[in-house]
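In what follows, a structure is listed as structure tokens, so that the remarks can point back to it.
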Amino acid sequence: MTRQQYGTDGWPVRPMLAQSAPRPFDSPEHLFEVKWDGYRCIAHIQGERVRLQSRNLKDMTSQFPEFADIRKAIKGDALILDGEVIAIRDGLPDFSALRNHQGSPVYVAFDILRLGREWLFEMPLATRKERLREVVDQEVGSICGIIVSDFVEKDGIAFFEAVSRKGLEGIIAKEVHGVYRPGVRSRSWLKIRNFKTVDAVICGYTTRPGGGLGALMLGLQTGSPRGRPHEVRYIGLVGTGFSEREGEYLISVLRPTGEPVFSHDDIERIKRSRRGRLGGPRVLPYGIPYGTPRLEEEKTVTAHVQHSAQEQPSRGYIQWVEPELVCEVKYTEVTPDGVLRHPVYVRLRPDKNVAECTLDQIRRNKSLGCIHE
């Protein structure tokens, strides 16, 4: 990569991304790191200024004013670091604590992309790791909120088992001699999870009998992320994994709409899956009783489910929302009709675009298999 490609200050840089691997492995050609549960973040440090850039190239500096001080731990000038913003609770990374701004965030640096006038993309990873440790004062960093990610060499299987026992998401295997390829999802980096995950579009939600979020309705696009928009397929409901506080937050940021994004066939699947499983009045997705014969007639009563931002749907109703927010969900398997089994909400993914949420994720997971279920 050249200065011409990134300008004089290097803003922004597309982060290198990892592909998935089916299981952990040992290799003298790889080093192994924790797969951190936080926000991917590229830190641009110029003089006394620290700017933070998200995975999707947005400026996130104002979200973490605490990191203005990490400059004190840096030996050098005009640095660009790659890493993850996390929050620690009970000694472990906790994304919910990060999302709710509970505790102090920590910037975990795992790569260095630029040092002074020198771009380091073409240097082998092992050399970049050495440079990274040279420029970050770990003692000062522990006070300022920046640490350097540890790694192990060769013994990926034992490391994965140790990470899994702590309940962490998984590990990343990186080729020791690999170069940094901005914006590329490369097999030089391999993520190994101890469960399957999918990034899904939130298309609606239900509420609990006493109020509050009951479950999120999830969908995936049928096309490729780079192709033309395709229809969104229903993949199920997720009603566990979020706290009451997070449920309130989700309802506050989801924008209600009267029209579902799903096809008529998917609407029928939803009706069948919900029949007899909700207490109280059983309803169609448009907020009217079961038994109404035609979708055209259902659409005439969408006003029954039009709610203001402050109002919540009654028990037994689905509130459709604009399909614009993405959440990460873990699950065990997919039923023959394409619905997730045992889904658990993990977190919102503001760094992901809806176009990336395709059925290809499930196909890849199926081919990879599940490590620990």
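Numerical summary
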item	result
Protection proxy ranking, peptides 11-17, 62-68, average beta carbon neighbours within 10 Å, highest first	11-17, 62-68
Listed peptides 85-91, 158-164 by packing density, highest first (mean Cβ within 10 Å)	158-164, 85-91
Under the Karplus curve 6.51 cos²θ - 1.76 cosθ + 1.60, θ = phi - 60°, whole-Hz ³J(HN,Hα) for segment 343-354, x wherever Gly or Pro sits	x, 9, 5, 9, 5, 6, 10, x, 8, 9, 8, 4
Residue-span extension gain [D90 to D265] - 0.36 nm each, minus C-alpha spacing	58.4 nm
Projected label distance in nm at R23 and K166, using a 7 Å step from Cα toward the beta-carbon	2.4 nm
Computed lengthening from T335 to R181, 0.36 nm per intervening residue step minus Cα-Cα distance	51.8 nm
Gain upon complete extension [E231, E118; 0.36 nm per residue less C-alpha separation]	36.1 nm
Relative packing of peptides 245-253, 192-200 - highest average C-beta neighbours within 10 Å first	192-200, 245-253
Förster radius 35 Å - calculated FRET efficiency between R255 and W11, Cβ distance, rounded to 0.05	0.70
Set of lysines near K72 by C-alpha distance (under 27 Å), chain-local residues within fewer than 8 positions excluded	K35, K58, K129
Rounded Å value of the spacing that divides the Cα centres of segment 172-212 and segment 126-169	20 Å
Net charge of neighbours whose Cβ lies under 11 Å from the Cβ of S27, counting Lys and Arg as +1 and Asp and Glu as -1	-3
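No value in this document is a laboratory result; all are computed from the given coordinates. Remember, predicted model here, so these are calculated numbers, not experimental data. Cβ atoms come from the backbone with ideal geometry, glycine included; neighbour counts cover every protein chain shown.
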